[in-house]
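Participant: Dropping the structure in here first, questions after.
The values are calculated or read from the model by the stated rules, or taken from the named source; none is laboratory data. If you're wondering where the values come from, they're calculated on a predicted model, not measured in any experiment. Every residue, glycine as well, gets a Cβ built from its backbone with ideal geometry; the counts of neighbours run over all protein chains shown. For the accessible areas, the whole protein counts, side chains as well, though only heavy atoms, and no ligand, DNA or RNA atoms are used. Shrake-Rupley method; radii C 1.70, N 1.55, O 1.52, S 1.80 Å.
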Amino acid sequence: MNKLLRVALFAVVFIVVTPIFANAKSLLPGKPVSSDTIRPGEIWPDTDGNHIQAHGGGIIKIKNTYFWYGEQREQGLDTTYRYVSCYSSKDLTHWKFRGNVLKMLPPDTLKSNWILERPKVYYNAKTKKYVMYFHVDDSKYRIAQVGIAVCDKPDGDFTYVKRFRPLGHESRDIGQFIDDDGTAYLVFEDRKFGFRIARLSDDYMDVEKEMTLVKEHMEGGAIVHYDGLYYAIGSALTGWKANPNKYATAPTLEGPWTEFQDIAPVETNTYGSQSTMLIKVVGSKNTVVIFMGDKWNPKNQWNSRYFWMPLEIGDGKLWLPKPQPWKLTIKTGKTSVSSK
Ligand code: GAL
């Protein structure tokens, strides 16, 4: 073979083989691949083919990129630490794992069996910091505090700052709400009273002003501002077991809030899921609100699933349709049922 031919052959082999190896993780036999379809309740492979680990999560949009943060509960983790994972996506469907952006030892006096749950990240445009809130507790859930960690970038590493009870109140499950005008709120469950919605301080490093106390004992609290109304949803207090989630509406965050009503047929227990967030996507043709829930698997937490469905919403009504595979076109905001 002359030299030129050998160089050409090498170039062809290099061009063909390199991308195959680059993608090897997702091409391994038996490894699922990231797909265009969202399948509520099924394994959701990230772009490496691994089941997404972002439980009890929250999502923010920075320019054209969505960042999904959640509890990292992968098998084989060093359990000395608690971890928060981060994934990014342009279309809310294909998610790239960006790493465990918080890896934390028990803060100050907490014991090794402490709890870090439901992380949510806010971007503060004034300080240019990413501020993470999470539920901090002991193994019996008696501490009831939020923790804060900060970072200059969305994808870590976040540094732990402090823990406290927001406005002096107990806080277990937390939810994140950013209004259309950019104001940031924390939703938190205060066991004896109900759940509270409170505005964050200017730098997001504190919880500053209570907007409302909704006197319903609910957790997994989430809010969306849709067509001039605020919709709040949440679950009953049944731990990892699913229950019928409910919603109420109000013209302002201060209320008055309507009575709570079911979001799905009661007997389905929200199709086995629990609310964690409501995401509003404003497309060129349609505005869609996605119910983002967790299907917990307490014995094998790594195998907990996600339950995302576009909601039927408007005129003060909200309904979670029965689960089926679906697709989202992020540009238009249109959704369609997927046959595959
Ligand atoms: C759920 C809560 C979860 C977790 C669990 C523990 O009600 O939403 O985040 O705290 O209880 O039992």
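Participant: Around ARG196, under 9 Å between beta carbons, what's the net of Lys plus Arg minus Asp minus Glu among the other residues? Walk me through the numbers on the way to the answer.
Facilitator: Working: positive: none; negative: GLU189, ASP190, GLU210.
Its environment carries a net charge of -3.
Participant: Now a separate question. Just to confirm a number: summing +1 for Lys and Arg and -1 for Asp and Glu over residues other than THR276 whose beta-carbon lies under 12 angstrom from that of THR276, what do you get? Don't skip to the end; give the middle numbers.
Facilitator: Values: positive: ARG118, LYS120, LYS295; negative: GLU71, GLU117, ASP173, GLU219, ASP294.
Within the 12 Å Cβ shell, the charges total -2.
Participant: Could the peptides 273-280, 34-41 be put in order, highest first, of the mean number of other beta-carbon atoms found within 10 Å of their residues? Present the calculation step by step, with values, prior to reporting the outcome.
Facilitator: On the way: 273-280: 24.8, 34-41: 17.8.
Going by the mean number of other Cβ atoms within 10 Å, highest first, we get 273-280, 34-41.
Participant: Using a 10 Å cut-off on Cβ atoms, rank the peptides 310-321, 157-168 from the highest mean neighbour count down.
Facilitator: Details: 310-321: 17.6, 157-168: 15.8.
Ranked from most to least packed, the peptides come out as 310-321, 157-168.
Participant: Find how much the distance from SER338 to LYS111 grows on full extension, using 0.36 nm per residue of separation minus their present alpha carbon separation; answer in nm with one decimal.
Facilitator: Working: separation 227, 0.36 × 227 = 81.72 nm, distance 4.69 nm.
In short, 77.0 nm is gained.
Participant: Can you tell which of SER89, HIS225, PRO298 lies farthest toward the positive end of the dipole of region 45-337, using +1 and -1 charges on the Cβ of basic and acidic side chains (Lys, Arg; Asp, Glu)?
Facilitator: Sorting the options by dipole projection puts first SER89.
Participant: Okay, moving on. Excluding ILE330 itself, calculate the net charge of residues whose Cβ lies under 9 Å from the Cβ of ILE330, where each Lys or Arg counts +1 and each Asp or Glu counts -1.
Facilitator: Values: positive: LYS90, LYS331; negative: ASP91.
Here the charged neighbours net out to +1.
Participant: Sticking with this structure for a sec: Per residue, what accessible area does the chain have, given a 1.4 Å probe and all protein chains present, in Å²? Show your work: numbers first, answer last.
Facilitator: Working: 16110 Å² over 340 residues.
Result: 47 Å² of accessible area for each residue.
Participant: If each of LYS61 and ASP262 carries a label point 7 Å out from its Cα toward its Cβ, how far apart are those two points in nm?
Facilitator: Reported label-point gap for LYS61 and ASP262 is 3.2 nm.
Participant: Once you have the Cα-Cα distance between LEU213 and THR252, take 0.36 nm times their residue separation minus that, and quote the gain in nm to one decimal.
Facilitator: Computed gain between LEU213 and THR252 is 12.8 nm.
Participant: Using DSSP to define loop residues, name the chymotrypsin sites (Phe, Trp or Tyr not before Pro) in region 49-132 whose beta-carbon has at most 16 other beta-carbon atoms within 10 Å.
Facilitator: Details: sites: TYR66, PHE67, TRP68, TYR69, TYR81, TYR83, TYR87, TRP95, PHE97, TRP114, TYR122, TYR123, TYR130; in loops: TYR81, TRP95, TRP114.
Answer in residue order: TYR81.
Participant: Got a number for carbon plus sulfur as a percent of region 181-340's accessible area, 1.4 Å probe? Spell out each step's value before the answer.
Facilitator: Details: 3550 of 7110 Å².
The value for region 181-340 is 50 percent carbon and sulfur by accessible area.
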